[in-house]
Amino acid sequence: MSEDILNNMFKNTNGQFDTKEPAIGHKQRFLDKLNSQNIVAVTEKKSMFKLWKPIIGIAASIVLLITVSFGVLKSNETIDLANISPEMATTQDFFTNTITIELEKLSSEEYPEYQDLIVDTMFQMKILEENYEQLKLDLEASGKDERVIYAMISNFQDRIDLLQNVVAQIDELKQSKNEQYENSTTL
């Protein structure tokens, strides 16, 4: 726009602008109102996060449980214990069933305070499952070497021990929590 057009616009609106000073304390009231709205907005955001945090933890642990369960139960084209002998097939079935039972125990935990422990356990289980997949490849490459077979059995035992220890640890934490609650109510 040219300068003349702007000058004409201001001349035409002369006297139409609100040039009065606001009342005394207007600025402070405005700032107080603005600050209270910001505090409410921040508080609402924090409370919404507090509500969703346990739900997100539970959802993440369920996804990990499903992933690990499918990893345990899936069968690949590679050789595993079940391909070695009928006895090893029975052994593998026993370990797989035991792991599934322990995973179900963990997935049934509804307390959000234990979800971090469960998520960490599922991460460790995923690592052990990846190690087992590598052992299956090693078994095939070694021509069914007994050392690899023992390592595979040991891997199954490690996974079961891990799951059983975590379930026991959660049970102990629950019992301790219950005892603290009972002690606080009797005082």
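Considering F17, F49, which residue is aromatic (F, W, Y) and either within 30 Å of L103 (Cα to Cα) or modelled with pLDDT of 70 or more (or both)?
Answer to the selection: F49.
Checking the structure you have, find out if any residue of segment 109-123 is surrounded by 16 or more Cβ atoms within 10 Å (Cβ to Cβ) and not in a helix (DSSP H, G or I).
Yes; the residues of segment 109-123 include at least one that is surrounded by 16 or more Cβ atoms within 10 Å (Cβ to Cβ) and not in a helix (DSSP H, G or I).
Just checking, does segment 105-127 include any residue being modelled with pLDDT of 85 or more, touching an Asp or Glu at 6+ places or on another chain (Cβ under 9 Å) and under 28 Å from E87 (Cβ atoms)?
No: segment 105-127 contains no residue that is modelled with pLDDT of 85 or more, touching an Asp or Glu at 6+ places or on another chain (Cβ under 9 Å) and under 28 Å from E87 (Cβ atoms).
Given S61, S36, which one is in contact with a Leu (Cβ under 9 Å, 6 or more places away or on another chain), assigned to a helix (DSSP H, G or I) and modelled with pLDDT of 70 or more?
That would be S61, the only listed residue that is in contact with a Leu (Cβ under 9 Å, 6 or more places away or on another chain), assigned to a helix (DSSP H, G or I) and modelled with pLDDT of 70 or more.
I need every pair where a residue in segment 125-153 that is within 20 Å of N165 (Cβ to Cβ) has its Cβ under 9 Å from the Cβ of a residue that is outside any helix (DSSP H, G or I) and at pLDDT below 90, sequence separation at least 6 or different chains.
Every condition considered, the pairs that remain are Y132/D80.
E87 is checked against (1) free of Cβ contacts under 8 Å to residues at least 12 places away in the same chain; (2) over 14 Å from the mean Cα position of the chain (by Cα); (3) surrounded by 13 or more Cβ atoms within 10 Å (Cβ to Cβ) and fails just one. What number does that condition carry?
Failed condition: (3).
Do we find that K177 is outside any helix (DSSP H, G or I) and not acidic (D, E) in this structure?
No, not satisfied.
Does segment 149-158 contain at least one residue that is out of contact with any strand residue (DSSP E or B) (no Cβ under 9 Å at 6 or more places or on another chain), within 21 Å of Q169 (Cα to Cα) and at pLDDT below 85?
No: segment 149-158 contains no residue that is out of contact with any strand residue (DSSP E or B) (no Cβ under 9 Å at 6 or more places or on another chain), within 21 Å of Q169 (Cα to Cα) and at pLDDT below 85.
Please give the number of the condition K144 fails out of (1) more than 22 Å from A59 (Cβ to Cβ); (2) part of a helix (DSSP H, G or I); (3) not aliphatic (A, V, I, L, M).
K144 satisfies every listed condition except (2).
The values are calculated or read from the model by the stated rules, or taken from the named source; none is laboratory data. Source: prediction; values computed, not measured. FYI the Cβ positions are ideal-geometry reconstructions off the backbone, even for glycines, and counts take in every protein chain you see.
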